[in-house]
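A.B. asks: Below is the structure I would like to discuss, written out as structure tokens.
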Amino acid sequence: MRTTVAAAAAALCLIAAFAPLGPAAATSTSQAIGLCASRGPDCKSSSKSNGGYTFCVNNDGKQQCVNCPPIDSNGSCSVASAGAAGGAKKVNVDQVFKGKAPMKKQ
């Protein structure tokens with residue numbers, strides 16, 4: 001019985017250590033490439049002079065963009081301010097790619 005409990009506890013620790021952290025988890029450039037590809041023609045990418053990328057997504061007829069560092073860096077992507085929501089609401093990269101980011105009122 002003790003062996004079974006110990007094995008289950010060890011498995012839970014491993015799962016917790018390697019599970020994604022949800023919306024607060026940082027999005028890498030390689031993840032952003034996959035998220036953009038999953039949006040199909042609603043997502044366009046462009047290269048930046050520093051080796052990074054910009055991904056712009058059409059959400060509800062408006063464009064929201066994400067800036068990402070070069071693929072070989074350890075940095076994470078961030079929402080571009082021009083496509084961010086107004087007010088106190090925080091917009092994250094995952095929301096932009098999934099079309100769930102609040103839009104800036106015009």
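The values are calculated or read from the model by the stated rules, or taken from the named source; none is laboratory data. For clarity, every value in this text was computed on a predicted model and none was experimentally measured. Positions of Cβ are generated from backbone atoms using ideal geometry, with glycine treated the same way; all protein chains shown enter the neighbour counts.
A.B. asks: Considering each of ALA85, ALA80, ALA26 in turn, give the residue that is in contact with a Lys or Arg (Cβ under 6 Å, 6 or more places away or on another chain), at pLDDT below 95 and surrounded by 13 or more Cβ atoms within 10 Å (Cβ to Cβ).
C.D. replies: On the way: ALA80 fails: in contact with a Lys or Arg (Cβ under 6 Å, 6 or more places away or on another chain); ALA26 fails: in contact with a Lys or Arg (Cβ under 6 Å, 6 or more places away or on another chain).
The match here is ALA85.
A.B. asks: Kindly indicate which of VAL57, VAL66, VAL96 is touching a strand residue (DSSP E or B) at 6+ places or on another chain (Cβ under 7 Å), closer than 15 Å to CYS43 by Cα, modelled with pLDDT of 90 or more and assigned to a helix (DSSP H, G or I). Quick ask: steps written out before the conclusion?
C.D. replies: On the way: VAL57 fails: assigned to a helix (DSSP H, G or I); VAL66 fails: assigned to a helix (DSSP H, G or I).
Of the residues listed, the single one that is touching a strand residue (DSSP E or B) at 6+ places or on another chain (Cβ under 7 Å), closer than 15 Å to CYS43 by Cα, modelled with pLDDT of 90 or more and assigned to a helix (DSSP H, G or I) is VAL96.
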